[in-house]
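Notes follow the structure.
The values are calculated or read from the model by the stated rules, or taken from the named source; none is laboratory data. Bear in mind the structure is a predicted one, so any value in this text is a computation, not a measurement. Every residue, glycine among them, receives a Cβ derived from its backbone with ideal geometry; neighbour counts consider all protein chains shown.
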């Protein structure tokens, strides 16, 4: 455990300190996002999950969901944190429905 | 290559303990000396320009491990952020989002039976001349509040004037109507009233207590200070006249604390003596504010403002001494500041005016707040026609702290947000201008508050939670 160089004092600081910012807290074993391809996901030879492709790394289609949310990997996923929290409603089966995701032009 | 910038911050040494204040978030951390040294060096070397991680490492203090730790932790709290990204401060999409109305201030009459020389309110002078709100208008205002408060289940109705108790029968009617109407909507209403205390008869006092109406008394402290400006139209002083009523009110088993509101005009006099006098009378708290006026007879000049600050500082020390022993000093200004610091509230606007609070003129027109009732710049529609969306959007855009150039780089902006709109209109000529005339004063006052806050966090932290609870914050 690292020595704390910043100790939160008021409520706001405590809230900020408790917040897990993109999985980068001191405690690496509990803060890693689950399902992220770079760290704990096993390679193509052993996909432990029940979905296809079996014995492979996460399918590219699954990147949409596994790389959004509290994951820092910069895959091209819809911005589900601020602008499109419900994007998955438009494509329940991402492998088939990904065309439902339209381009977003922010003005 | 990715570059970074430092967000606004300020460091304080409180009792030898280094504190780091994040301006945009109103967050306070205790920092070790290394990280403060690193911050100061990075801030000096980068001089506001973006820098790379390599440059940060070169400028920072400590071992390679400590340097990377500093980088990570500063990034984590948003003090170090990727260049070009907006700061973490919440920017509401100004004026677009529908916002529920929580508080409505009713100008139940323009008339006042006092003629205080410094008063900003010149709507009517005598009870005979001033316009009074009719029951019909008050009822429509209540309907407006019930309708526009959306999902909020606890709304507030404030009676203001003029002297609101000159229209007591309307207040009584409105309280009954509002309670009935709230019950129908599944809401509850909190009532409040500001009075000059000249009309606090036995029956009025009973009415106020029975209906749980929170009372603020405008009173200027020690009798001779009070009587300098707060006089009747015939020039006679008011203190001796209001004293029996105030005693009656304070003696009544008031279920809500009665607070005093002091206007400081001309020279501050002895503020600590005034505060202690008012608290001895039985007021729960007293808050002080310099008069809003351009008149050189009343306006506080630089010297008087400095004097006021020195006295505020002395009172803060008194407050701290008592707080260490779990005792209380009802110094509203400091309590409010400490709670703001403790909760880490971030203000994009200086107050709730034009957001969840509006005032209603005697005729039923809507304005930003009670102080701005009747000012064209602050007109926001009518209770019958509703809020004017264009006026409101313009106001919310211009009133946002990020629209005030002077505030953008200020470390105190999350607490001050530019200051009172009415004060800005009178002193700066535009209601959404930043109150530059008291920038330095406010910053110094917040520093005093942070000092008291820092000491209490180490000496009696539970006390701060009880102050927060006093202001209605959850533990």
### Query
Which of the residues belonging to the range B:50-66 are in a helix (DSSP H, G or I), in contact with a helix residue (DSSP H, G or I) (Cβ under 9 Å, 6 or more places away or on another chain) and away from every other protein chain (no Cβ under 11 Å)?
B:53, B:55, B:56, B:57, B:58, B:59, B:64
#### Entry: Residues satisfying the stated conditions in the range B:19-38, i.e. facing another protein chain (nearest Cβ under 7 Å), part of a loop (DSSP other than H, G, I, E, B) and in contact with a helix residue (DSSP H, G or I) (Cβ under 8 Å, 6 or more places away or on another chain)
B:25, B:26
## Note on the structure
Only one of (1) surrounded by 15 or more Cβ atoms within 10 Å (Cβ to Cβ); (2) more than 27 Å from residue B:356 (Cα to Cα); (3) modelled with pLDDT under 95 does not apply to residue B:256, and that is (2)
### The lone exception for residue B:240 - which of (1) more than 30 Å from residue B:440 (Cα to Cα); (2) surrounded by 15 or more Cβ atoms within 10 Å (Cβ to Cβ); (3) at pLDDT 95 or above it fails
(2)
### Query
How about the range B:373-384: which of its residues are at pLDDT below 95 and either buried (at least 18 other Cβ atoms within 10 Å of the Cβ) or part of a loop (DSSP other than H, G, I, E, B) (or both)?
B:373, B:374, B:375
### Task
Check residue B:73 against each of (1) more than 9 Å from chain A (Cβ to nearest Cβ); (2) in contact (Cβ under 8 Å) with a residue 24 or more places away in the chain; (3) farther than 25 Å from residue B:339 by Cβ and name the one condition it does not meet.
(1)
### Query
Can we say residue B:338 is within 14 Å of chain A (Cβ to nearest Cβ), in a helix (DSSP H, G or I) and at pLDDT 95 or above?
yes
### Task
Would you check if residue B:13 is more than 11 Å from chain A (Cβ to nearest Cβ), modelled with pLDDT of 90 or more and out of contact with any helix residue (DSSP H, G or I) (no Cβ under 7 Å at 6 or more places or on another chain)?
yes
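Conditions tested, residue by residue: (1) under 23 Å from residue B:369 (Cα atoms); (2) at pLDDT below 95.
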position	(1), (2)
B:157	yes, no
B:162	yes, yes
B:174	yes, no
B:178	yes, no
B:183	no, no
B:189	yes, no
B:199	no, no
B:204	no, no
B:209	no, yes
### Query
What number of residues within the range B:197-217 are touching a residue at least 60 places away in the same chain (Cβ under 8 Å) and within 17 Å of residue B:288 (Cβ to Cβ)?
1
#### Entry: Candidates B:440, B:451 - the one that is at pLDDT 95 or above and not in a loop (DSSP other than H, G, I, E, B)
B:451
### Query
Got at least one residue in the range B:303-312 being in contact with a strand residue (DSSP E or B) (Cβ under 6 Å, 6 or more places away or on another chain) and modelled with pLDDT of 95 or more?
no
### Query
Among the candidates B:313, B:303, which residue alone is part of a helix (DSSP H, G or I) and in contact (Cβ under 8 Å) with a residue 24 or more places away in the chain?
B:313
### Query
Which one of B:47, B:8 is more than 13 Å from every other protein chain (Cβ to nearest Cβ), under 22 Å from residue B:407 (Cβ atoms) and crowded, with 17+ Cβ neighbours inside 10 Å?
B:8
### Query
Just to be sure, is residue B:53 surrounded by 16 or more Cβ atoms within 10 Å (Cβ to Cβ), over 30 Å from residue B:457 (Cβ atoms) and free of Cβ contacts under 8 Å to residues at least 60 places away in the same chain?
yes
